[in-house]
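Reading through the structure tokens given below for one structure.
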Amino acid sequence: MSHELGSEARPLRVAIIGSGPSGFYAAEALLKSDPHIEVDMFERLPSPFGLVRLGVAPDHAKIKNVIKIYERIAQKDGLRYFGNVEIGSDITVDVLKKYYDVSIFANGAQSDRNLNIPGEDFSGSWPATEFVAWYNGHPDFRDIEFDFSHETAIVIGQGNVAADVCRILCKTVDELKHTDIAQHALDQLAESKIKHVYMVGRRGPVQAKFTQLEIKELGDMDDCAAIIKEEVFTFDAASQAEFDDPESKTAAKNIPTMKTIAKQNRGNASRTLHFEFCKSPVEIKGETKVESIVLEHNELTGEAFKVKARGTGATEEIPCGLVFRSVGYRGVEMPGVPFNEDWGVYPHENGRIEGEQGQYVVGWIKRGPSGVIGTNKPDSQSTIAQILEDLPTLTPCEVPDKDAIENELKARNIRPVSYEDWKKIDEAEVSLGKDIGKPREKFTRISEMLDILKK
Ligand code: NAP
């Protein structure tokens, strides 16, 4: 006799791929809903929490408090965590379909957008995403060597990631040493010779994407003078209209904060952080390594809220040894899942992946890399609502047995990390951190994490 999907006799079997905020909010919404649902969450690394652990800046400890919410969700009945299992390679999407009625992709945007300018691939030109992953102790980026022997670094983009990168480059070791920054990063930053950082935006201060708190922090570092020229506050007509509009919430807060910074006199600081507006990178110059960057000056065109940058032909060249391209994250294709190459996302209709049945999407791989952590909650909830609506039409998977996936992993010689295992790794990190005045010292190698579980 067949049982209905979502009944006590035949719970809906759901796989969530990714353990960042969107994955946890999806799990929470599923477990709160009425039907009987069993959720297995897969994570490529042994450690959970995605960008909260490996993207949020080390000096933003408060933002990481959200992990406490995810811990509560992780310990709910009905949710199992499988860390150290990569969907797409260890387990293909086709195999996943055999064991789960529904797969929810919450795997975020793991790559970065390109600038498409000459010299972008020179040594010394980095995606900001890799620098962020490096100082946060991501195992894949542990061994990158950034060359901090130069005096000038350029950060392209004016979003909150660019603000994070600037802070980490400009703060003193004393400001960072009691955070959870990876020790290898702190040691290399301690030797940094960087004196000048330029944060370059293609449009004006009204259109800058960073938010007030982040700008305020940039004006408030121990040994770095943030420099904003007064002239940038003379707006063109469209920017003025945008700033005056009550809808313009970010600029309404950002501009007064920037004006306060512009008036500061921090002449004796060892480092300077220059806010550059209306400039676009057009070329990175050098033989094989970055030696300078050419910026084209822009004028702003278009109406309020649709303001675009247009090159004027006038350029300037800034000698530098490091360039960080912080122009947005980008999703990565996964074999077996449709991909929109232009947008770097999985194409979907209200979370249901186009042309597929039983495949859904949440978070940055659904809507692109925008919004704060909390934005993911309603986003995930709306996908779950769609799944519940689709429930009567879903095709049951071939093997709904709960133990089957564990046997499959064993057969493939894959050692999954359970949530209990993770708590052991977590405790070990916290204990290592305690000895040196940090909230935790992250393990930056997967082998180190797995070694803890052998004890
Ligand atoms: P973002 O906010 O979209 O900023 C991207 C920046 O790159 C913008 O300044 C954009 O300029 C610029 N850009 C894009 N293409 C460019 C090009 N071809 N040439 C020059 N500049 C270019 O992205 P993000 O900084 O990566 O942040 C991603 C999301 O995470 C955001 O929602 C952010 O708020 C969030 N986040 C939040 C925090 C926090 O809460 N503290 C920290 C980090 C990240 P245009 O505006 O002209 O496109």
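Odds and ends about this structure:
- Options Asp379, Asp342, Asp401; residue that is under 24 Å from Phe82 (Cα atoms), in the same structural domain as Phe24 (by TED's automatic domain parsing), of a type outside the set (Ser, Thr, Tyr) and loosely packed, with under 14 Cβ neighbours inside 10 Å: Asp401
- Helices (runs of 4 or more DSSP H) contained entirely in the range 156-227, each with at least 3 residues that are within 12 Å of the ligand (Cβ to nearest atom): 160-170, 212-218
- Inter-residue pairs, beta-carbon under 8 Å, first in the same structural domain as Leu51 (by TED's automatic domain parsing) and away from the ligand (no atom under 16 Å from the Cβ) and in the range 100-116, second of a type in the set (D, E, K, R) and part of a strand (DSSP E or B), 6+ apart: Tyr100/Arg13; Tyr100/Asp40; Asp101/Arg13; Val102/Arg13
- Scanning the range 280-298 for residues that are in contact (Cβ under 8 Å) with a residue 60 or more places away in the chain and over 28 Å from the mean Cα position of the chain (by Cα) returns Lys285, Gly286, Thr288, Asn298.
- For the range 56-94, taking the residues that are buried (at least 21 other Cβ atoms within 10 Å of the Cβ) and within 16 Å of the ligand (Cβ to nearest atom), the one that is nearest to the chain's Cα centre (by Cα) is identified as Val56.
- Condition met for Glu247 (in the same structural domain as Ile154 (by TED's automatic domain parsing), part of a loop (DSSP other than H, G, I, E, B) and either at pLDDT below 95 or surrounded by 15 or more Cβ atoms within 10 Å (Cβ to Cβ) (or both)): yes
- Positions within the range 421-455 being more than 23 Å from Asp187 (Cα to Cα) and assigned to a loop (DSSP other than H, G, I, E, B), in sequence order: Lys455
- Of the residues Val327, Val372, Val332, the single one that is touching a strand residue (DSSP E or B) at 6+ places or on another chain (Cβ under 8 Å) and within 14 Å of the ligand (Cβ to nearest atom) is Val327.
- Within the range 9-18, one or more residues are buried (at least 24 other Cβ atoms within 10 Å of the Cβ), within 18 Å of the chain's Cα centre (by Cα), touching a residue at least 24 places away in the same chain (Cβ under 8 Å) and over 12 Å from Ile384 (Cα atoms).
The values are calculated or read from the model by the stated rules, or taken from the named source; none is laboratory data. Predicted model only: the values in this text are computed from it and were never measured. Methodologically, a virtual Cβ is constructed for each residue, glycine included, from the backbone with ideal geometry; neighbour enumeration extends over all protein chains shown.
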